[in-house]
Amino acid sequence: MSAPLKLRRTDRQLTDEEAWVFLERSFVGRLATVSADGEPYVVPLLFVVAGRRVQLHQTAARGHLRANVEGGARACFEVDSAGDVFAYGPTECDSSVSYESVIAFGRIAVVEDPGERRRFCERLLAKYGAALTGRPKGVFPRLPLIAVYELDIDRITGKRLPAPGTPTRG
């Protein structure tokens, strides 16, 4: 891997702690992988953060994602939140959008351990399943039908552009 580029807009840079907090509270993210022949592939997925790792899942059927993961271990994961569009200059094209975004880079692998796959499902339902009440907890009959992936993060970066008039950290 080549050396990572330095963030160009350091005035918008999140601290590592801010980036991790934003990543953990985000709803959906996009996982990017590359095939053996260099074809990029991005897929939106629900996810959980476990330590310094992002865990996600998809069908166990072999498709683009599984082939890419098996062919090369590097991947990145992106989350973002767009805010208001605002004007900053005298013409229409002098417009921007407030945002916050994080990209995590690392190595991705298929989680084979049945216990960790189960813990992933428990974490996923703890994050997304609050409204799903009245059904038995801890029952995962579809576990054999999913592939669980884990991105071990070695670098994380984030940026924020607040709308004008929004208080900034200080």
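The values are calculated or read from the model by the stated rules, or taken from the named source; none is laboratory data. Here the structure is a predicted model, which is why all the values come from computation and not from measurement. A quick note on method: Cβ atoms are made from the backbone with ideal geometry, for glycine too, and the neighbour counts reach across all protein chains shown. Heavy atoms of the whole protein, side chains included, go into the accessibility calculation; ligands, DNA and RNA do not. Shrake-Rupley method; radii C 1.70, N 1.55, O 1.52, S 1.80 Å.
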Exercise for review: Go through the residues of the range 31-48 one by one and say whether even a single one is open to solvent by 70 Å² or more (accessible area, probe 1.4 Å), at pLDDT 95 or above and within 13 Å of I156 (Cα to Cα).
Suggested key: no
Review point. Which one of these is closer than 28 Å to K137 by Cα and in contact with a Gly (Cβ under 9 Å, 6 or more places away or on another chain): R25, R52?
Key: R52
Practice item. Give just the number: which of (1) within 30 Å of P164 (Cβ to Cβ); (2) modelled with pLDDT of 95 or more; (3) not β-branched (V, I, T) does R9 not satisfy? Key: (2)
Exercise for review: For F140, work out the one condition from (1) among the hydrophobic types (A, V, I, L, M, F, W, C); (2) assigned to a strand (DSSP E or B); (3) over 29 Å from D16 (Cβ atoms) it doesn't fulfil.
Suggested key: (2)
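This table checks each residue for (1) under 20 Å from L45 (Cβ atoms); (2) in contact (Cβ under 8 Å) with a residue 40 or more places away in the chain.
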site	(1), (2)
R74	yes, yes
V97	no, yes
A104	yes, yes
G129	yes, no
R142	yes, no
A147	yes, yes
I153	yes, yes
Check your understanding: So which residues in the range 108-149 are open to solvent by less than 80 Å² (accessible area, probe 1.4 Å), in contact with a helix residue (DSSP H, G or I) (Cβ under 8 Å, 6 or more places away or on another chain) and of a type outside the set (A, V, I, L, M, F, W, C)?
Key -> R117, G138, Y149
Check your understanding: Of the residues that make up the range 152-168, is at least one assigned to a strand (DSSP E or B), open to solvent by less than 50 Å² (accessible area, probe 1.4 Å) and touching a Pro at 6+ places or on another chain (Cβ under 9 Å)?
Key -> yes
Exercise for review: Please list, ordered by first then second residue, the pairs with beta carbon atoms under 9 Å, 6 or more apart or interchain, first in the range 9-37 and β-branched (V, I, T), second at pLDDT below 90 and open to solvent by 70 Å² or more (accessible area, probe 1.4 Å).
Suggested key: T15/R169
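Out of the strands (runs of 3 or more DSSP E) lying entirely within the range 46-96, which hold 1 or more residues that are in contact with a strand residue (DSSP E or B) (Cβ under 9 Å, 6 or more places away or on another chain) and within 16 Å of L161 (Cβ to Cβ)?
Correct list: 74-87.
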